[in-house]
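The values are calculated or read from the model by the stated rules, or taken from the named source; none is laboratory data. Not measured: the values here are computed from a predicted model. Here the Cβ is made from the backbone with ideal geometry for all residues, glycine too, and neighbour counts use every protein chain on show.
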Amino acid sequence: MDILYFAWVRERIGTDHEKVDPPGNVRDLRGLIGWLAARSAGHESALSDTSRLRAAIDQQFAELDAPLAGAREVAIFPPVTGG
Amino acid sequence: MIHVRLQAEVFDVGAELARLDALGGGGVASFTGIVRGDDGLTELLLEHHPGMTLAMMQALAEEAAQRWNLLGVVVIHRHGALAPGAPIVFVATAAKHRGAALEACASLIDRLKTQAPFWKRETLADGGQRWVEPRASDDEAAARWLRDGG
């Protein structure tokens, strides 16, 4: 599974993408974020407060309780600020 | 005519408006967003999702074109490093009558702010950097268009 990070999430983790193979008990976005947070101090700093995070599965915005089922790409980022 | 672009380069407002003027409608409305130099800002960096941002801009433009029966719509958003005074976003709409053109233009810019995946990082005169936080007023402005039947 490809994970993409943007904005301050990317800066704290120190990379804009990584390839991961989460275990079978990681079933939804919230579970994935919790599992990723344990990978490094930077991950923990970026991912521990999920109220500040938004996400997309295969390039569609998704709620944090959305199931991962078959997801190829997950993007994790702060709320968007365009325009 | 639906024309959507995501680019680093500056855009030519006159040329974009001329496309819409030529469509035979009775009204063309436009909005140009400019980088503000508040708080000693020296640079605004626009980050985007390479696969998702243009697709979302396209979807919003198509939705507006259908809802307001537009003759044409242009949406251009820049990415990368921008200086104060630089144009950052452009939305323009052409319709048979002014009401549809004005409403569609206002709706598009409100929804771009809250639904297109862009993130802004400000660099200030002392070299400090901060990511822009979303404002509740932006969410309310975008939600208004959904409540009103979008």
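Quick grid of which residues meet (1) farther than 16 Å from B:K113 by Cβ; (2) in contact with a Pro (Cβ under 6 Å, 6 or more places away or on another chain); (3) assigned to a strand (DSSP E or B); (4) of a type in the set (S, T, Y):
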residue: B:H3; (1), (2), (3), (4): yes, no, yes, no
residue: B:L20; (1), (2), (3), (4): yes, no, no, no
residue: B:G33; (1), (2), (3), (4): no, no, yes, no
residue: B:R36; (1), (2), (3), (4): no, no, no, no
residue: B:D39; (1), (2), (3), (4): yes, no, no, no
residue: B:L46; (1), (2), (3), (4): no, no, yes, no
*the range A:32-51, residues that are within 14 Å of another protein chain (Cβ to nearest Cβ) and either surrounded by fewer than 14 Cβ atoms within 10 Å (Cβ to Cβ) or charged (D, E, K, R) (or both)*: A:D49, A:S51
_What pairs come out if I take residues in the range B:125-136 that are more than 8 Å from every other protein chain (Cβ to nearest Cβ) and touching a residue at least 60 places away in the same chain (Cβ under 8 Å) and pair them with residues that are in a strand (DSSP E or B) and of a type in the set (S, T, N, Q) whose C-beta lies under 8 Å away, six or more apart or interchain?_
B:A125/B:T42
*Every residue from the range A:20-31 that is within 30 Å of B:G80 (Cα to Cα) and either in contact with an Asp or Glu (Cβ under 6 Å, 6 or more places away or on another chain) or buried (at least 16 other Cβ atoms within 10 Å of the Cβ) (or both)*: A:L29
*Among the residues of the range B:121-150, count how many are assigned to a strand (DSSP E or B) and aromatic (F, W, Y).*
1
*Take A:E18 and decide whether it is in a strand (DSSP E or B), free of Cβ contacts under 8 Å to residues at least 24 places away in the same chain and not β-branched (V, I, T).*
yes
*Would you be able to tell me the number of residues in the range B:1-47 that are in contact (Cβ under 8 Å) with a residue 40 or more places away in the chain, closer than 26 Å to B:N69 by Cβ and not basic (K, R)?*
22
*So is B:L146 more than 9 Å from chain A (Cβ to nearest Cβ) and modelled with pLDDT under 95 or not?*
yes
*Condition met for A:R54 (buried (at least 16 other Cβ atoms within 10 Å of the Cβ) and closer than 21 Å to B:G51 by Cβ)*: yes
*Would you check which residues across the range B:90-120 are in contact with a helix residue (DSSP H, G or I) (Cβ under 7 Å, 6 or more places away or on another chain), in a strand (DSSP E or B) and either surrounded by fewer than 21 Cβ atoms within 10 Å (Cβ to Cβ) or within 7 Å of chain A (Cβ to nearest Cβ) (or both) and list them?*
B:F118, B:W119
*So which residues in the range A:70-83 are surrounded by fewer than 17 Cβ atoms within 10 Å (Cβ to Cβ) and free of Cβ contacts under 8 Å to residues at least 12 places away in the same chain?*
A:G70
